[in-house]
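What follows is calculated from the coordinates using simple rules that are stated; it is not laboratory data. Computed from a prediction, not measured in an experiment: that's the story for all the values here. Cβ sites come from the backbone with ideal geometry, for glycine too, and all protein chains shown count toward neighbours.
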Amino acid sequence: MALLEVCDLEKSYYIENSRTLERRRIDVIKNVSFEIEENESVAIMGKSGCGKTTLLKMMGGLLSPSNGYISFKGEKLSDFDNERIENYRRRQVGFVFQDYKLLDNMTIKENMILPCILDHQDIAEALGKVEKIAEMLNICDRLEHYPYELSGGEKQRAAVGRALINSPSIIFADEPTGNLDSDTSKAVMDMLIGLQHEFKIAMIIVTHDKDIADYCCRTVHIQDGKMY
Ligand SMILES: Nc1ncnc2c1ncn2[C@@H]1O[C@H](COP(=O)(O)OP(=O)(O)OP(=O)(O)O)[C@@H](O)[C@H]1O
Ligand SMILES: [Mg+2]
């Protein structure tokens, strides 16, 4: 059984013209089916606006599809009640974003431990996990610093640590190297892929960069709302 199965997925948005109040429907994802196995890595490529982030948000349980379904280990996300979908987001899924999305008024340590606190975990145990992952990501000496004191590459490594802290089954990375130069991108990708293998996590990376896609087991393309 696939870890994640996406079946006949569709997503439309409604856009309202603020002047005429006319509502228009845009069909962003049109009948996409796709599977990802445990430990597998897949790159998603496609033009800006083709629906890559929309697809990741649906797979991460942050957005409901208009039609079709997503199952995790054989169970449809749409059948999960609120508590289960929250647990899915907190424990099974990790997100990495292009703009890091670290909280500015918290230290790197606080940012990294936040998913454990939201999950009501034991603080001492959670701190142990932060220290272990920070060591793997070579940011131990940045833990007491605030995000504005870090370079882009360090911020993204901290964000990777935060995404991995609860040992998810799958990581969704939305253009994780989009704000980094090519050497820093490579360093971040080497760490991300290294940890993905070590922790045996599946990973879906959205990227515009063929070199980044080449880190993954396979690449799929989205065009006109369909996957190729
Ligand atoms: N909440 C929303 N309401 C209305 N339209 C939306 C919403 N979110 C996204 N869209 C539209 O859906 C389309 C797909 O957006 P999405 O962010 O998924 O694209 P993308 O492939 O991630 O683009 P990029 O590569 O620029 O990040 C765009 O036309 C966008 O304007
Ligand atoms: Mg996007």
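Give me the distance in nm between label points sitting 7 Å out from Cα along the Cα-to-Cβ direction at TYR69 and CYS140, one decimal. Each label point is offset 7 Å from its Cα along the Cβ direction, giving 4.8 nm.
In whole percents, the pair-distance distribution calculated for the stretch 72-160 from its alpha-carbon pairs, binned every 5 Å from zero, is 3, 13, 22, 22, 16, 11, 8, 4, 1.
Overall shape of the chain was characterised from the C-alpha gyration tensor. The equivalent ellipsoid obtained from it has semi-axes of 29, 20, 19 Å, in decreasing order. Inter-label distance, ILE117 to ASP224: 4.9 nm, where each label sits 7 Å from its Cα along the C-beta direction. Counted over the chain, the DSSP beta bridges are approximately 55% antiparallel. For the stretch 1-109, what does the alpha-carbon gyration tensor say about shape, rounded, prolate or oblate, given a ≥ b ≥ c as the root eigenvalues, a/c under 1.5 as rounded, and a/b over b/c as prolate? Oblate, since a/c reaches 1.5 and b/c is not below a/b. Using the alpha-carbon positions of the stretch 101-228, Rg (one decimal) and Dmax (whole number) come out as 15.2, 49 Å. Hey, can you list the DSSP H helices of the chain whose Cα span along the axis is 15 Å or longer and whose average Kyte-Doolittle score is at least 1.0? Qualifying helices, which must be both long enough and hydrophobic enough, are 108-118. Approximating the spin labels as points 7 Å out from Cα along Cα→Cβ, the SER33-to-ASN17 distance works out to 3.8 nm. Under 29 Å of direct C-alpha separation, and excluding same-chain neighbours fewer than eight residues apart, LYS52 reaches these lysines: LYS11, LYS30, LYS73, LYS76, LYS101, LYS155, LYS186, LYS200, LYS210, LYS226.
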